[in-house]
Every structure is written in structure tokens, then in C-alpha cells.
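Step one of this worksheet: look at the structure below.
The values are calculated or read from the model by the stated rules, or taken from the named source; none is laboratory data. Fair warning: this is a prediction, and the values are worked out from it, not measured in the lab. Don't worry about glycine lacking a Cβ; one is built from the backbone with ideal geometry, like all the others, and counts go over all protein chains shown. Keep in mind that these areas ignore ligands, DNA and RNA; they rest on the heavy atoms of the full protein, side chains included. Shrake-Rupley method; radii C 1.70, N 1.55, O 1.52, S 1.80 Å.
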Amino acid sequence: MGGLDRTVSHGATLDRVLVRAPGKLNVFFAVGDVQPDGYHDVASVYQAVSAVEEVVATPSDDFTIAVTGSVDVEGVPLDDRNLAIRAARLLASETGYTGGVHLVVDKHVPVAGGMGGGSADAAAALVACDALWRTGLPVARLHDLASRLGADVPFALLGGTAVGTGRGDQLSPALARGRFDWVLVTDGEGLSTPVVYGELDRLRAQRRPDIAPDAGDPVVDPQVLQALRAGDAATLARAARNDLQAAACALRPALADLVADGIGHGALTGLVSGSGPTVAFLAADPDAAAMIGERLAEEGHDVRHVHGPVGGTRVVSAS
Ligand code: ATP
């Protein structure tokens, strides 16, 4: 189970803090009706996975950021729109800290892939600045700031496995045993989350039989939680579901072909992660994942093998 480890040595001034924060998959995602504020209530089961972001924070008078990584980082803003910068500024304004920070973000979570990479950067920036500036916020206050930054930021702090309700930000940790192996296919342009939700609303308004109706008060299928507790990938594959999948596939029909393709190569299931377009294929074990990954790579897909659950945002080094 992931926890929030912010342990740093007290006393001396810090010059450099390195923090790691995980990306996530939604192994279950039920979407309720649209709310008066325009958001949808959801019931989500998150799993933090081994695609992780690394953020280094160093002292500065301003708020600046540099972004590198093993994924295509072209779409990542380098100004105040960046979630990591927004997180640092929010922490400063909440605590009265008058200095700034320079953040270097090393990204390994696909951008705009439905895996919460920006949220992970925000969580990492909060924890890194809290350590660097010695603002020492209690965990509950960090979670409060996290939920103000975005629905997926609190889970990036917590990690592990958790049920999210409300907008996905009201979290209860869930038990999980063992390890789940996933093959991620991350090719294709990012999909905008609001556009995918809009498409789901449109498809539901047509009352199509192949579209999950709105869940009213969405709830998590208990079978998903049982499968996670038992470490049973085959049962998880049968119970896993994402209400946004049909909408993402309607907007990008190649996704449905890709899901069928991965299952044809032996995946237990293929799930669009969040609002997509990353597709996560669940494999029976690491060897099966390696084989499925090889086949998909031979077909020209951009593939990575990750596992979960992994821990939440933590300070790796502080000096
Ligand atoms: P969401 O579901 O919140 O849209 P996502 O997981 O699909 O998120 P992210 O990689 O978090 O995708 O980024 C979504 C968009 O947010 C990007 O296209 C980018 O314009 C913007 N963004 C802001 N800050 C960041 C960041 N630190 N890393 C990546 N994208 C960021």
C-alpha cells in the first residue's frame, strides 16, 4: 500500500529534493449523470503503476520548470498552465512562503493519455516544495490542496489501490495482493477529457444499447475489489470496466481494433485508461506481458510494460 513518505532530515537548509510520483490506471470507472456544475459523479478504482514521474525541486526566486522524459513531452506547457507550477504556487500562497522554486520534471507517464501524468507532477511538486521550503504541511492539508488542483491529484499522493467517488477525489484505500502486469499502448494523439465526457453524454442521449446507461449514483462492482484482494488477474479482467471506453472508441475507432488485437495476442482484457487514448492490456503474468508487448511492438505500436500497484508520491532524496 502506498503511503505519503515525506521524511527528510530536519535542520539544515535543503538545496535539492527529488520526488517520485506514480501514474495510474482506472481498473474500474463508472460514470454517473452530469451534475449541475458540469462534472460527472464517478465511481473509480485506481491502481498506481510503475510508470513514474520524477521531479527535482531546487530553490529559486521565481517559479520555473523544465520538462524532459521518455515520453513525447511536446504538449506539456512550460508556464503557469503546468500543473506542477500551479501546485507549487498554491502551496506557496497557502503557507505564505515568499520564495519560488525551479522544477525539473522527468516524465515517463504518457502525456494526455488518461494516466494522470500531469496530476502526478502536481502531487510531486506539492511534496517536493513542502520538503524544500520546510512548510511541513500535515498530510490532510496536502490532500486538500491536491483535490483543489485536480480530481486525480489526491490519488497520485496516496498511490497503491483506492476507490474514488465524487469526482474521483474522495478516496478510500483498498486492499490488493500480488502484482498485476499491464502492457500499455500509447500511440496516437492525446484525447481531451472534456470532449470524451461530452461524447459519452451524447451517446447516452441516443440510448444506444451498446452504451452503459448513466449509473445514477455510480458504485464500484464488488467483484473488482474481490479480484484485487485475491490478486486474481483473470477475475479482474472479467469485472474491469470503463464507461468512457465506448465514447473514446467512438471518437477514435482505431482504439476498438487495438483492444481486439491485444486480446487476440493473449491479453486477458484491454481497457482504455481514463478518457484514453492509452490502452492497458492486462496479462496473466510478466512472461505473458512480455510476449503480448513483443507482438504489439512488431505491429508498430508504442508499447511499455508496467506493473501495479506501486506506492504513492514520496521523497527519494533531499540534500
Ligand atoms: P486528464 O485526464 O486530467 O486530461 P491525462 O492523464 O489524460 O489527464 P495529462 O498528461 O495529465 O493527461 O495532461 C493533460 C493535459 O494537461 C496536457 O495535454 C497538457 O496540456 C496539460 N498539462 C498541464 N500540466 C501538465 C504536466 N505537468 N504534464 C503533462 N501535461 C500537463
Practice item. Assess whether GLU199 counts as being at pLDDT below 95 and open to solvent by less than 50 Å² (accessible area, probe 1.4 Å). Key: yes
Exercise for review: Kindly indicate whether any position in region 139-161 is aromatic (Phe, Trp, Tyr) and open to solvent by 10 Å² or more (accessible area, probe 1.4 Å).
Suggested key: no
Revision key, fill the gap. Only unsatisfied item for LEU191, checking (1) more than 16 Å from the ligand (Cβ to nearest atom); (2) outside any helix (DSSP H, G or I), is (1)
Review point. Within region 66-91, which residues are crowded, with 20+ Cβ neighbours inside 10 Å and small (Gly, Ala, Ser)?
Key: ALA84, ALA87, ALA88
Point to revise | Filter pass, HIS102 being under 22 Å from THR186 (Cα atoms) and surrounded by fewer than 24 Cβ atoms within 10 Å (Cβ to Cβ) | key: no
Point to revise | Given (1) in a loop (DSSP other than H, G, I, E, B); (2) within 26 Å of LEU157 (Cβ to Cβ), index of the condition LEU228 fails | key: (1)
Study note, to complete from the structure: A careful count of residues in region 226-270 that are touching a Lys or Arg at 6+ places or on another chain (Cβ under 8 Å), open to solvent by 10 Å² or more (accessible area, probe 1.4 Å) and either under 27 Å from GLY150 (Cβ atoms) or of a type in the set (Ser, Thr, Tyr) (or both) gives 1
